Amino acid sequence: MAWHESQGQSHRDICLIPSSAHGTNPASAQMVGMQVVVTSCDDNGNVDLDDLRAKCEQHKNRLACVMITYPSTHGVFEMQVKELCATVHEHGGRVYIDGANMNALVGVAAPGEFGGDVSHLNLHKTFCIPHGGGGPGVGPVCVVEDLVPFLPGHAAGGIKGHAVGAVSAAPLGNAAVLPISWMYCRMMGAEGLTLATETAILSANYISARLRDHYPTLYASENGHVAHECILDLRPLKEASGVTAEDVAKRLIDYGFHAPTLSFPVAGTLMVEPTESETLDELDRFVAAMIAIREEIRRIERGEWPQDDNPLKHAPHTAAALMKDEWTHAYTRQAGAALLGERQHAKYWPPIGRVDNVYGDRNLFCSCVPISAYDE
């Protein structure tokens, strides 16, 4: 907005954001006083360019920018991204690239090459930093040359001469986090970072292809491929078997997996993002578990198990639950245990059984110990 003000265009305050965006995108725009206008997506998960053009034309006098994620949160490379950026530029706006999915771009493509003006590079995921409990949200903000004077300054932090003041108490980032990403980049080198990107894309497409006959991938490019993640559409299962995406997520725990992202960005789906970290053996283990779960769902569809009493509806199963003297379920203990092939000896036993998520969300309680517990 400071750049627009320098151009005598301080009235430009509208930020276009696709409907596929992560919620942090509109939140960021609103925090700086912008008005968010949502643009729709087409049936393939891409930004609807006709709607984007219409919104650009409608708000051409107030358009400040568009904020997009590339590849998109739908897990696809949008083939018309250059046209999208050019359209926004033609109407006086700038293009902000959310760098959340840079692990599909490093060494392969650069946001500035297809029209981006600003991009923040999340260090988590792409540059070796774990997500943690909601963070750490740290990383560089990269801009094209004419926006350099409008990067935040910090007089006390030694960053002077910028038109924009401080926006952070720690202008150079987190000293405990940044060295990790620096070491990762140095050790990987350009060739290694490119290989990591290629492996992340290959792994996501491998899972999508292996599971195609069991769970359709919701969004893909025209060539049938995905980017760094694939969204498995589990919505059709509910009508035929009563099984929801949450049931599948819980059942994956029995098979030794923390579930992929549940019901985001589309409700009733699982978004699988293997990154470059998983070995082929681990990918195959995940695929085998998902196929085994699909076979369990087919047994429900055939009427062999009731819709309300099957391994998915009661997952995850603790060892204590399976060892009870009395077993009243319609399925066997062995089916509940999810023992899969040669890995039976390495079975993971969940410490906690099924949790009622809705009840927990609606009935909060304080877990703080009483002050008397601190008496010596």
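As an exercise, identify the trypsin sites (Lys or Arg not before Pro) in the stretch 171-238 lying in DSSP coil whose Cβ has no more than 16 other Cβ atoms within 10 Å.
On the way: sites: ARG186, ARG210, ARG212, LYS238; in loops: ARG212.
Counting only loop positions with at most 16 other Cβ atoms within 10 Å, the trypsin sites (Lys or Arg not before Pro) in the stretch 171-238 are ARG212.
How much net charge surrounds GLY33 when only the other residues with a Cβ under 13 Å from the Cβ of GLY33 are counted, with Lys and Arg +1 and Asp and Glu -1?
Values: positive: ARG12, ARG62; negative: GLU5, ASP13.
That sum, taken over residues with Cβ under 13 Å, equals 0.
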>> Connecting C-alpha atoms closer than 10 Å in a GNM of the chain, tell me which of GLY157, GLY75, GLY360 has the biggest fluctuation.
In response: GLY360
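How high is the relative contact order of the stretch 216-362? Use alpha-carbon pairs under 8 Å, at least six apart in sequence, and give a whole percent. Let's see the in-between values first.
Numbers: 181 pairs, mean separation 35.1, N = 147.
Computed over the stretch 216-362, the figure is 24 percent.
Would you kindly work out the equivalent ellipsoid of the chain from its C-alpha gyration tensor and give its semi-axes, the square roots of five times the eigenvalues, largest first in whole Å? Let's see the in-between values first.
Numbers: eigenvalues 364, 132, 91 Å².
After scaling each eigenvalue by five and taking roots: 43, 26, 21 Å.
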>> Using Cα springs under 10 Å in a Gaussian network model of the chain, which residue among THR261, THR126, THR24 shows the largest mean-square fluctuation?
In response: THR24
> So, in Å, what gap is there between the alpha-carbon centers of the stretch 256-314 and the stretch 183-249?
Replying inline: 13 Å
> Which one of ALA196, ALA204, ALA330 has the biggest mean-square fluctuation once the chain is modelled by GNM with Cα springs under 10 Å?
Replying inline: ALA330
> At 222 nm, what helix-only mean residue ellipticity would the chain give, in deg cm²/dmol to the nearest 500, using -39500 (n - 2.57) for each DSSP H run of four or more?
Replying inline: -9500 deg cm²/dmol
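So for the chain, averaging the separation of alpha carbon pairs under 8 Å that are six or more residues apart and normalising by length, what relative contact order in percent results?
Working: 578 pairs, mean separation 42.6, N = 376.
Computed value for the chain: 11 percent relative contact order.
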> What order, most packed first, do the peptides 142-153, 243-254 have when packing is the mean number of other Cβ atoms within 10 Å of each residue?
Replying inline: 243-254, 142-153
> Packing-wise, with mean Cβ within 10 Å as the measure, how do 14-23, 215-224 rank, highest first?
Replying inline: 14-23, 215-224
> Among the trypsin sites (Lys or Arg not before Pro) within the stretch 293-337, which fall in a DSSP loop and have no more than 12 other Cβ atoms within 10 Å of their own Cβ?
Replying inline: ARG302, LYS324
>> Explain nothing, just the number: dipole magnitude of the chain about its Cα centre with +1 on each Lys and Arg Cβ and -1 on each Asp and Glu Cβ, in debye rounded to the nearest 20.
In response: 400 debye
> In whole Hz, what ³J(HN,Hα) sequence does the stretch 25-30 give by Karplus (6.51, -1.76, 1.60; θ = phi - 60°), x for Gly and Pro?
Replying inline: 5, x, 5, 5, 5, 5
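Can you tally the net charge around THR269? Count Lys and Arg as +1, Asp and Glu as -1, for every other residue whose Cβ sits under 14 Å from the Cβ of THR269. Please list the in-between numbers first.
On the way: positive: ARG235, LYS238; negative: GLU229, ASP233, GLU246, ASP247, GLU273.
Value of the local net charge: -3.
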> Cα extents of the stretch 216-362 along the three principal axes, largest first, in whole Å?
Replying inline: 54, 35, 34
>> Largest first, please: the extent of the C-alpha atoms of the stretch 119-255 along each principal axis, to the nearest Å.
In response: 64, 33, 30
>> Can you compute the charge dipole magnitude of the stretch 216-362 about its Cα centre, using +1 on each Lys and Arg Cβ and -1 on each Asp and Glu Cβ, nothing else charged? Give it in debye, rounded to the nearest 20.
In response: 440 debye
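What does the net charge come to around LEU193 if you take all other residues with beta carbon closer than 14 Å to its beta carbon, with K and R at +1 and D and E at -1?
Numbers: positive: LYS125, ARG186; negative: GLU191, GLU198, GLU276.
Local charge sum for LEU193: -1.
Bear in mind that the values in this text are calculations on the coordinates, not laboratory data. All values reported here derive from a predicted model rather than from experimental measurement. Please note: Cβ atoms are built from the backbone with ideal geometry, for glycine as well, and neighbour counts cover all protein chains shown.
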